[in-house]
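I have placed the structure first, in the form of C-alpha cells, so that the comments after it can refer back to it.
The values are calculated or read from the model by the stated rules, or taken from the named source; none is laboratory data. If you're wondering where the values come from, they're calculated on a predicted model, not measured in any experiment. As a convention, Cβ positions derive from the backbone with ideal geometry for all residues, glycine included, and neighbour counts pool all protein chains shown. Remember, those area values only see protein heavy atoms, side chains included, never the ligands or the DNA or RNA. Shrake-Rupley method; radii C 1.70, N 1.55, O 1.52, S 1.80 Å.
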Amino acid sequence: MFRFILKRLGIAIPTLLILIVFSFTLMHAAPGGPFTSERKLPPQVLANIEAKYGLDQPFYKQVTNYIVSIVTKGDFGPSFRYKDRTVNDVIKQGFPITLKYGFWSFVVAVSVGISLGIVAALKHNSWIDYFAVGFSIGAQVLPNFVMAPILVIIFTLWLGLLPGGGWNGGQWQYLIMPVIALSTSYMASIARIMRSSMLEVLNSNFIRTAKAKGLPNSAIIFKHALKPSLLPVITYLGPAFVGMITGSVVIDMYFSTGGIGREFVNAALNRDYSVIMGITILIGVLTISFNLVVDIIYAWIDPKIRY
Amino acid sequence: MKSFTKILTVALIGSTFLVAPVLAAKVPAGVNLAADQTFTYRALDEHSSIDPQIVEDVSGSEIVRDLFEGLLNQDGDGNLVPGVAESWEASNGNLTYTFKLRKDAKWSNGDPVTANDFVYSWQRLADPQTASPYAWFMEIMSLENAKDIIAGDKEPSELGVSAPDDYTLVVNLTAPLPYFAAMTTHASTFPSPQKVVEEFGTAWTKPENIVSNGAYVLTEHVPNERLVRERNPNYWNDSETVIEKVTVLVINSDDAALTRYLAGELDRTEIPSGQYPRLKKEFPNQAISFPRLCNYYYTFNLSDSGPEAFKDVRVRKALAYSLDRSVVTEQVLKGGQFEAFTFTPAATANFTVPDVAWGKMSQAERDAKAKELIAEAGYGNGGKPLAFELLYNTSEGHKKIATVAAQMWKQKLGVDVTLANQEWKVFLETRGNQNFELARGAWCGDYNEASTMLDLLTTPSGYNDGKYSNAEVDKLMSDAKTAADASANYTKVEEILAQDMPVIPVYHYTGVYMLNEAIVGSWPVGNVEQNWYSRDLYKVAK
C-alpha cells in the first residue's frame, strides 16, 4: 500500500509537468495576448510591458523560468490583468471562498443524495422510489444557471429572506443559495448511482444468503449491502469533490461570491497567462490527489482490491 | 498611436485662469438631506488596478477619482474646476503651463500634497520600469522628452515637468496645446505617494498600505466582490463632502444586478438591454437614460483583402440606407438610443450635426434609394449575387442586431449575409488583421470632442481597421488640431463620410441606469464622458 502511494506520487510529478507545458503551449497558441485591447497600445509601450512580464523572452525560456520560480520560490508570478495583485494573491483570496461553498455543497450532495438513493432502492417501485427518481431527474435537467436566478427571485425578491448575492466573509445567509444551486445536480447524480447500485447489490447472491439465514433487514442493509453499493458512488465522488471545491463560474457569476471559478474563466478571456496557469496547476494537483484518495478508499472498502 | 487632439469643451487659449472654488457637493438650498448617505453601485467586472499610473479601465478610474485628486476636476457638465491646483497659466505661446497648487491639500496620512508629488507621478508614468499601459498619455500631453523616456533613451528625471517650489508645478511642452489643462483630469496624471509606493511595491494599493489624497480613503477590498471607500477627514474640502461611504459590488450578470437593485441592495445599476421601457413605466423616477459619447457601427473592409463589391460606393450606400435603425433602437435595444447617420454622436461638445441628406429621408425613401443603388451597381435581386460575412464579438446583444440587419438586407436587397461571431480577443485580432468582410465596431470618446471619434477614420489611425483612406479627410482632421475652432472641419468630414460611406453608423449609445430616487438629482447626467465623483453626490430625504 505504502509503495503504491509512493509510486502514484512519483507519477504525479511528470503528469504535472506535462500539464504545465501543454497548457502553456495551448494558452500561447490562442489568438490575442494579455495586452491585446480595442485601444491598441503604442509599440514602445507594449514592448515595455512585455519586458516587465517576461513575454519578450523566447517561449522555452518562459516555460522554464515559470517552472523554476514555482519550484524554488512557490511564486506563480504577477497577474497580467489585476496589476496590483499576484497569482498567489488571487488564489489565496478566491480559493478559500470556493472551498467553503464547495465543501458544504459536497456535504449536502453526499448526505442527501446517498440517503435518497438508499430509500428509493429499498422501497423499489413504491411512491417514494418514483418521487426520488423524479426528483433526481428533475434536479439534473435543471441547470444551475436556471436555478440560480429562480432562487434569487424567490428568496430575495419575493420572500426577502436572503441577500441576493455577495459573500460578506462567508456568513451563512450568503452561503445558502450558492450551496443549493451547486449541490443539486451532484446530489441527483449521487442518488441515481446509489439507487441502481443498491438495487444490484440487493439482488446479488450473498444478500439472498443473508436473507435466508434470517438476518434482520437493518443488519443486511448496513452490514452487508451498504459497503459494496457505495463503490460506484465513491468513484464518482473523487472528481465531483474536485469539481465542487474548484468552483463554478455560474455560482460566482450569479451570486458574486468572488470564488475561483469565475476567476479562471475571466483569466482565459483576458489571456491572463499567469492566473490561467496558477489555477490550472491548482486544479491539476487537487485532481491527482483526490483520485489517489479515492483509490485508497477503494482498497479499504473492497476486499477484492489490493495494491 | 492615439492622437489625443483637442478638448474644446474648455477653450483654453493661453492666459490666466482663476476660478472661484466651485467644488464638491453643492447641495441646493431647501434640499433636505437623507440620514443615510451611503452610495452602493454595481460594477460589471473587477477593476484592473487602483494605482493612478497603472489603471486603464473605466471601473478602476471611477475608484481612482474618489481616492485621488489630480490638478483639475470636472463638474457635472464636464467643465473644468480646480482640484489640487487652484489656478493655472499658459505662457510661452502655450508651450509652458504653470499650475499653482493649494496649500491645504493633504495626503490621508496628513502629509501635504506638493508639486513634487506630481513630478514624481508623471515621471513614474513615463518610466519604462513602471510599464504603464497609459505611458503614452505623457507623450500625447506633449511633455518634453516623454517619447525618449518611454523608449528608454532618456532618464525619467528629464521629463518636462518641475517643481520650483512646493506649490508651483511647471510643465514644458513640445507642442502648443491649448487644451493641455483639461488633460490633467485624466486619472493617470493623479499623484501617487512616493514613500508608500517605494516601500510596498505593487502591494501599495492594498487597504492596509494605501495613502491617498482624494475625498475618500480605501477601507476594504475583497477582489471580485466589493471595494469600500470612506470619507477622508484629511481631504481639503471634506466639509462639503456629503456621501460618507461608497461601495462598489462586482456583479457579472446584468440580471442578477437588477434583481439586487430591486431588492434594495444597490443605488445604481445598468439596465439590461431591452428592459428600459418596462422599468421606466414601473419606476419612472429611477430608470434614466441619457446620451453617451459612444457609437455603434459596421465597418467595411476596404483593404485589398476585402470583398470586391464593397469597393463600389453604391453597394456600401445601399447597405447603409436599407438598415432600418428604428427597429434596432426601438425594438431591440429600447433604451432611448439614437439612430445614427453620422459617425460622431450629436451629444458631442461643439459638434454641429451636418445636414446629411440620407438622414433626413424617410425609411421608405431610403429603401427605394438603396434598391436603385444596388441595381445600378449590378448586384442583388436581378444582378450578380452578393454574399458576405458579418463578424461581431460574441454577445447576445450584437447577435440580435446582426440578425435584424441581415434580415433587412436579405429582404430589401436580396443580399445573403452569414453571421459569424468570435470571442473578444480573437475578434480584435481578426479585425485588426483585415480578415473580415463586414465587422462590428464601437467606440467611446476619450474626451468630449469630435476628433476622438473622427480620428478613427483617418489613414494613419491604428484603429482604422476598415482601412478607409481619403486624403481630404486626413487633411481636414490634421488641420483641426491647430484650428481655433475646428467644428467646421468635423462637419465637413461627416459630409464626406456620408458620400463615401466607409462605415455604416447604426446607433449612438445612451447610459441606461436604474438610479436610487434619492440620488438621481445629484447624478451628473450632463457629463457625457460620465466622469463622476462621489464627493459631488448626495441623497435627499424622501
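Side notes on the structure shown:
- Too-long pairs where the Cα-Cα distance tops 20 Å, listed order kept, from A:LYS40/B:LYS475; A:LYS100/B:LYS245; B:LYS317/B:LYS492; B:LYS400/B:LYS467; B:LYS317/B:LYS369; B:LYS100/B:LYS147: A:LYS40/B:LYS475; A:LYS100/B:LYS245; B:LYS400/B:LYS467; B:LYS100/B:LYS147
- Note on the protein assembly as shown: Cα Rg divided by 2.2 N^0.38 Å, N the number of residues, gives 1.08.
- Accessible surface of the protein assembly as shown, 1.4 Å probe, proportion on carbon and sulfur as whole %: 58 percent
- Longest DSSP-loop-exposure-free segment, trypsin sites (Lys or Arg not before Pro), chain A, at most 14 other Cβ within 10 Å: A:214-303
- In this simple spin-label model, placing a label point 7 Å from the Cα along the Cα-to-Cβ direction at both A:ILE296 and B:ASP485 gives a separation of 8.2 nm.
- Linear extension gain, B:ASN172 paired with B:GLU372, 0.36 nm per residue minus alpha-carbon span: 66.3 nm
- Shape category assigned to chain A from the gyration tensor of Cα positions, a/c cut at 1.5: oblate
- Per-pair calculated FRET efficiency, R0 = 22 Å: B:ASN92 and B:ASP165 via Cβ, rounded to 0.05: 0.70
- Shielded by partner chains, the range A:114-158 residues - at least 20 Å² of accessible area, 1.4 Å probe, vs chain alone: A:VAL152, A:THR156, A:LEU157
- With all protein chains kept in place, the per residue accessible area of the protein assembly as shown amounts to 41 square angstrom at a probe of 1.4 angstrom.
- Less than 5 angstrom separates the built amide H of B:LYS106 from those of B:VAL113, B:TRP236, all sequence-distant by 5 or more or on a different chain.
- Across chain B, the mean sequence separation of Cα contacts (distance under 8 Å, 6 or more residues apart), normalised by length, yields a relative contact order of 21 percent.
- Contour excess over end-to-end distance, with Cα ends at B:ALA420 and B:ALA151 and 0.36 nm allotted per residue: 92.9 nm
- For the range B:291-511, radius of gyration divided by Kirkwood radius, i.e. Rg to Rh on alpha-carbons: 0.94
- Of the trypsin sites (Lys or Arg not before Pro) found in the range B:69-131, the ones in coil according to DSSP and having at most 15 other Cβ atoms within 10 Å of their Cβ are B:LYS103.
- GluC sites (Glu not before Pro) restricted to the range B:189-269 and DSSP loop, no more than 16 other C-beta within 10 Å: B:GLU208, B:GLU244
- On association of chains A and B, roughly 4100 Å² of accessible area becomes buried (total for both chains; probe 1.4 Å).
- Shape call, the range B:97-144: gyration tensor on alpha carbons, a/c limit 1.5: oblate
- Simple label model, 7 Å out from Cα along Cβ direction - B:LYS195 to A:SER196, nm: 6.9 nm
- Take each residue in B:250-263, count the other chain C-beta atoms within 10 Å of its C-beta, and the mean is 6.
- If R0 is taken as 51 Å, the Cβ-Cβ distance between B:GLU230 and A:ILE128 corresponds to a FRET efficiency of 0.35.
- Axial C-alpha extent at least 15 Å, average Kyte-Doolittle at least -0.5 - helices from chain B (DSSP): B:115-126
- Net length gained if the chain between B:ASP77 and B:LYS384 were fully extended (0.36 nm per residue, minus Cα distance): 105.3 nm
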